[in-house]
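What follows is calculated from the coordinates using simple rules that are stated; it is not laboratory data. Since this is a predicted model, take the numbers as computed values, not measurements. Heads up, the Cβs are rebuilt from the backbone with ideal geometry, glycines too, and the neighbour counts pull from every protein chain shown.
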Amino acid sequence: QVTLVESGGGLVQPGGSLRLSCAASGSIFRIYVSNWYRQAPGKQREWVAGITGGGSVNYADSVKDRFTISRDGAKNALYLQMNSLKPEDTAVYYCYFRILGREYWGPGTQVTVSS
């Protein structure tokens, strides 16, 4: 069993930055897929960024060049550095791991971008 917990959300002004963290505990294997998703009020959950088992990173067009995903294998942690935040980035952000075909989600952390 794997447990994920996000942290680092909050209220930030447009143009500001936040760094989200996702701490994983349990049976974490070396190679796994890890992603960040988000869900804005009244909208479907959408993929934001991801790291493959081989370490390749990908981003949604809406966050490319503003967000950076990274992973610390030794700490079983996933991060999302978010810069130049916009009001449309307001959402609950979720981390996601897929390990040996099983999917795990964190409970989410709220990010609100507003002046």
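To make sure I understand the rule: partners must be lysines, Cα under 22 Å from the Cα of LYS43, and not fewer than 8 residues away in the same chain. Which ones qualify?
Counting by Cα, and skipping residues close in sequence, LYS43 has these lysines nearby: LYS64, LYS86.
Sticking with the crude label model, points 7 Å out along Cα→Cβ, report the distance from SER27 to SER56 in nm, one decimal please.
Between SER27 and SER56, the simple spin-label model gives 2.8 nm.
Once you put a point 7 Å from the Cα of ALA77 and another 7 Å from the Cα of ARG45, both along the Cβ direction, what distance in nm separates them?
2.4 nm
Taking the Cα centre of the chain as origin and charging only Cβ (+1 Lys, Arg; -1 Asp, Glu), how large is the dipole, in debye to the nearest 20? Could you put the intermediate results ahead of the total?
Details: 12 positive and 8 negative charges, 40 e Å.
That gives the chain a dipole magnitude of about 200 debye.
Please compute the net charge surrounding PHE67, taking Lys and Arg as +1 and Asp and Glu as -1 over other residues with Cβ under 15 Å from its Cβ.
Working: positive: ARG19, ARG38, LYS64, ARG66, ARG71, LYS86; negative: GLU6, GLU46, ASP61, ASP65, GLU88, ASP89.
Net of charged neighbours comes to 0.
If you take the charge dipole of region 7-115 about its Cα centre, with +1 on Lys and Arg Cβ and -1 on Asp and Glu Cβ, which of ALA24, GLY42, GLY9 is farthest toward its positive end?
ALA24
Where the Cα atoms of the chain are projected onto their three principal axes, how long is each span, largest first, in whole Å?
41, 24, 24
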